[in-house]
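Accompanying notes for the structure given below.
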Amino acid sequence: MSDIVKEATEYRIKQIELAEAKYYKTLIATLDRIEREVISLANRLPTQDGKLIELQSAIAIRPRIKFILEKEYLAWSDTVVREGFNKQAKRIEKAFKLIGNIPPEFQELTKGDLALVQNLKQQYFTQFKDVSNTFTRRLSEKVYQNTLVGSDFAVLEKELRQTINGIYASADDPEAQRLIDYINENKFDKSKRDIVDKSIQTLQSKFARDRAGENMKRYAGQILNDSLRDFDATLNFNKSNDAGLTYVKYYGDVIPTTRDHCRNIINGVYDKRKSGLFTIDEVKSLWANRSWKGKKSGNPLVVRGGYNCRHQWSYVNPDWYDSKGELII
């Protein structure tokens, strides 16, 4: 007998992965435009013998940088929040209808659900906006500091590019640029994961590019990942709570980078029941009494394994399972 709960949860997870890959590609294009526009703006700064010389111009550039980031990055963020969240909300509704076995009034999005969706949109858009404000400040500081000490423009240009795109900043070397394009294009293709990793290593070693984490791409990418999954988990948690479902099962792939905490839950290390079900209180206890790299604060039913976690809980009724842990609905 097919496991309809597993199928519905894997459907939600798969659609999040597809949405993340789609929006990540548009994020790359957005950050590349920001990089080009910021460098073009910086090119207008006064120089003498290739060195930056005028602090007044360096100070005056900040509102222009802010305008570029808001025009490009916040427009992208708005699309993720409005389009991405709406589509995932409908997928959650579809999953509830697919599972069935709960009162029909809980299988559809209610007025309360729609209000929650709107609040979550505002909450996560604020996080995206914080990234815009942070990197407006950092880019402006790079301009000011380099002008203050009279740096060569080439030094400033490299710092601006890497502050925006990190290791993936645009390169003059065709080979380096091919590696960057390949990595960006195939980041979410599981069949090419090993080649992508080798390409990153080549970029680091041969072209002296380090994985400095303080760049806009890293932060924006992480918020994209976490916002889509945390939104799904929050709406799913609230709908399940309304429906009176107080048991959960954990779903998702186990890959080499899977945290031990998630791996142990999925592999049954912490199971008290053959069905692999946990009460919400048991999940909270598991989460509170253990530490691991990447763990983040919040409701463990929402934050799951922590930053960049790709697993999800599904809410069930223990009466749906037989004594062997097989689904019988």
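The values are calculated or read from the model by the stated rules, or taken from the named source; none is laboratory data. All figures in this text were calculated on a predicted structure; none of them were measured in a lab. Neighbour counts run over all protein chains shown; Cβ positions are idealised from the backbone, glycine included. Keep in mind that these areas ignore ligands, DNA and RNA; they rest on the heavy atoms of the full protein, side chains included. Shrake-Rupley method; radii C 1.70, N 1.55, O 1.52, S 1.80 Å.
A few remarks follow.
- Solvent-accessible area of region 86-161 (1.4 angstrom probe, protein heavy atoms only): carbon and sulfur portion equals 52 percent.
- Cα centroid separation, region 243-322 to region 36-92 (Å): 39 Å
- Modelled this way, with points 7 Å down the Cα-to-C-beta line, the labels at R36 and K158 are 2.4 nm from one another.
- Additional length obtainable on full extension of the chain from Q177 to K25, 0.36 nm per residue less Cα span: 53.1 nm
- Rolling a 1.4 Å probe across the protein heavy atoms gives the chain an accessible surface of 50 Å² per residue.
- Within a straight-line Cα-Cα reach of under 18 Å, K198 can be paired with the following lysines, leaving aside sequence neighbours fewer than 8 residues apart in one chain: K187, K190, K206.
- Overall shape of region 90-184 was characterised from the C-alpha gyration tensor. The equivalent ellipsoid obtained from it has semi-axes of 47, 21, 5 Å, in decreasing order.
- Mean Kyte hydropathy of -1.0 or more with a Cα span along the axis of at least 27 Å, helices from DSSP in the chain: 4-42, 111-148, 216-242
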